[in-house]
Amino acid sequence: MQSSNGRPRGDGGGTENSAEHRVGQDQARAETLEGVRYDDPWYDELASGWGELNGVGAPVTGVVPTHRESEEGTAAAADVYLEVQRSAAFQEVRSRYLRFVVPGVAVFLLWYVGYLVTATTAPELMARPVAGALNVALLAGLGQFLTTFLFAWAYARHARLRRDRAALELRWDTQELTRGLRGGAS
């Protein structure tokens, strides 16, 4: 029985053992891909069309750029990214990010270190009851969790209101520039 993609299903009813079939497929794939090396660890062979049948029983192979074309494209793309990095729009997005994150992290770390120092140097203060079984140490510990969530919320809000739109525009411009280097391909 054949599946929808033309490959035989491994239902065990055929004369060919599924392990032997897989070995044959692996050998065919190795012969097809011989000499081709991809440095991308997330490259999905089947998702890109490699190893699929083209309708006449032969595997579909992609066009692989030569090493020189690849180096020229990489150098040109690097120039585009350097140009974007030097742009005023990128510097503005980066400065907005740093103006929020550096003070926020400093305050958060001071609050955390203050909590630790107080807990170790002033145990009598931390043991002081506030209400019933609640003491200062427990409230300060719960305050650590609360401030963590508040900082995460404030960061997401700041990113959404002050940086995301400009960063997406930069990303779009960068993609358009690199697409132009490839000659308008995809």
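Values for this structure:
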quantity: Test: LEU168 is more than 23 Å from ALA88 (Cα to Cα) and free of Cβ contacts under 8 Å to residues at least 60 places away in the same chain; calculated: no
quantity: Residue ID - farthest from ARG171 (Cα to Cα), chosen from residues in segment 69-78 that are surrounded by 12 or more Cβ atoms within 10 Å (Cβ to Cβ) and modelled with pLDDT of 70 or more; calculated: ALA76
quantity: Segment 111-144, subset under 16 Å from ALA154 (Cβ atoms) and not aromatic (Phe, Trp, Tyr), residue nearest to the chain's Cα centre (by Cα); calculated: GLN144
quantity: Output for segment 86-96, where each listed residue is within 15 Å of GLU169 (Cβ to Cβ) and of a type outside the set (Val, Ile, Thr); calculated: SER87, ALA88, ALA89, PHE90, GLN91, GLU92, ARG94, ARG96
quantity: When residues of segment 79-99 are limited to those that are open to solvent by 50 Å² or more (accessible area, probe 1.4 Å) and in contact (Cβ under 8 Å) with a residue 40 or more places away in the chain, the one nearest to ALA156 (Cα to Cα); calculated: TYR97
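The values are calculated or read from the model by the stated rules, or taken from the named source; none is laboratory data. What you are looking at is a predicted structure, and each value in this text was computed from that prediction instead of being measured. Virtual Cβ from ideal backbone geometry, glycine too; neighbours counted across all protein chains shown. Surface accessibility is based on the protein's heavy atoms, side chains included, excluding ligands, DNA and RNA. Shrake-Rupley method; radii C 1.70, N 1.55, O 1.52, S 1.80 Å.
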